[in-house]
Amino acid sequence: MHALDFALFGWLNADASAPLWLIEFARFASEVLPALLAVTIIAGAMFDKRWRYALFTALVSVLLTWLVVNAFRSALPFPRPAAYGLGIQWAPQGARPGFPSLHTATTFAAAFSLWCLPHRAPMLAALAVAAVVGWSRLYLGLHFPSDVAAAVLLGALVSIMVERGASRPLSLALARMPARRRRARARRA
């Protein structure tokens with residue numbers, strides 16, 4: 001498995017001849033796109049109740065994903081490519097463990113949280129953004145392909161579990177609560 005990961009990494013990592021604009025785009029994708037996705041979900045939640053449901057799911061999913069990634073990295077600190085002397089690392093990461101990719105996992109968790117919306121276009125756009133984030137982590141030499149693949153699966157799994165196990169039951173419980181009791185609770189809070 002290491003040999004395949006190393007080979008794919010060598011193919012995907014930007015080398016010294018990579019155009020500067022593409023390296024800068026990858027940095028933008030890695031550093032800014034996750035925040036833009038979050039702002040988009042928050043903006044949608046300001047105008048549509050269904051987006052509020054997606055926002056709650058996304059927030060809980062991102063938090064849980066962050067916790068799982070950090071727990072995994074503490075228990076099994078797999079090194080990043082730079083620790084093996086592979087490729088070029090275009091953004092500083094230090095000696096922190098890299099499996100799974102936190103940027104990719106949280107961005108995919110947020111993107112998959114949009115599957116509960118009635119139209120698929122927002123989720124597909126968010127998944128495209130998350131895929132670009134995952135690509136950027138590889139291109140910049142910060143992660144192995146297995147780091148990114150595991151992150152995609154983790155983000156999807158956590159998002160689905162949160163939606164089914166927390167968002168949906170909470171939404172159903174709130175829907176059953178009479179409106180008068182909801183207003184009284186809101187005034188007390």
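The values are calculated or read from the model by the stated rules, or taken from the named source; none is laboratory data. Source: prediction; values computed, not measured. Quick reminder, even Gly has a Cβ in these numbers, built from the backbone with ideal geometry, and neighbours come from all protein chains shown. Quick note on the areas: whole protein, heavy atoms, side chains included, nothing else; ligands and nucleic acids left out. Shrake-Rupley method; radii C 1.70, N 1.55, O 1.52, S 1.80 Å.
Residue pairs whose Cβ atoms lie under 8 Å apart, separated by 6 or more positions or on different chains, with the first residue in the range 57-74 and touching a residue at least 40 places away in the same chain (Cβ under 8 Å) and surrounded by 16 or more Cβ atoms within 10 Å (Cβ to Cβ) and the second among the acidic types (Asp, Glu) and assigned to a helix (DSSP H, G or I), are Thr57/Glu163; Ser61/Glu163. Among the residues of the range 135-160, those identified as over 17 Å from Pro97 (Cβ atoms), out of contact with any Ser or Thr (no Cβ under 8 Å at 6 or more places or on another chain) and either crowded, with 24+ Cβ neighbours inside 10 Å or touching a residue at least 12 places away in the same chain (Cβ under 8 Å) (or both) are Trp135, Tyr139, Ala156, Ile160. Summed over the range 14-36, the residues that are in a helix (DSSP H, G or I) and either open to solvent by 20 Å² or more (accessible area, probe 1.4 Å) or of a type in the set (Gly, Ala, Ser) (or both) give a count of 15.
Apart from one condition, Trp90 fits all of (1) more than 16 Å from Leu157 (Cβ to Cβ); (2) buried (at least 17 other Cβ atoms within 10 Å of the Cβ); (3) under 19 Å from the mean Cα position of the chain (by Cα); the exception is (3).
Which one is surrounded by the most Cβ atoms within 10 Å (Cβ to Cβ), of the residues in the range 93-134 that are free of Cβ contacts under 8 Å to residues at least 24 places away in the same chain and among the hydrophobic types (A, V, I, L, M, F, W, C)? Going through the qualifying residues, I end up with Leu127.
Every listed requirement among (1) at pLDDT below 90; (2) touching a Phe, Trp or Tyr at 6+ places or on another chain (Cβ under 9 Å) is met by Ala14 save one, (1). Residues that are open to solvent by 70 Å² or more (accessible area, probe 1.4 Å) and either closer than 27 Å to Ala14 by Cβ or among the acidic types (Asp, Glu) (or both) within the range 75-87 comprise Pro77, Phe78, Ala83, Tyr84, listed in sequence order. Does the range 47-55 contain any residue that is open to solvent by less than 70 Å² (accessible area, probe 1.4 Å), part of a loop (DSSP other than H, G, I, E, B) and out of contact with any strand residue (DSSP E or B) (no Cβ under 7 Å at 6 or more places or on another chain)? Yes, the range 47-55 contains a residue that is open to solvent by less than 70 Å² (accessible area, probe 1.4 Å), part of a loop (DSSP other than H, G, I, E, B) and out of contact with any strand residue (DSSP E or B) (no Cβ under 7 Å at 6 or more places or on another chain).
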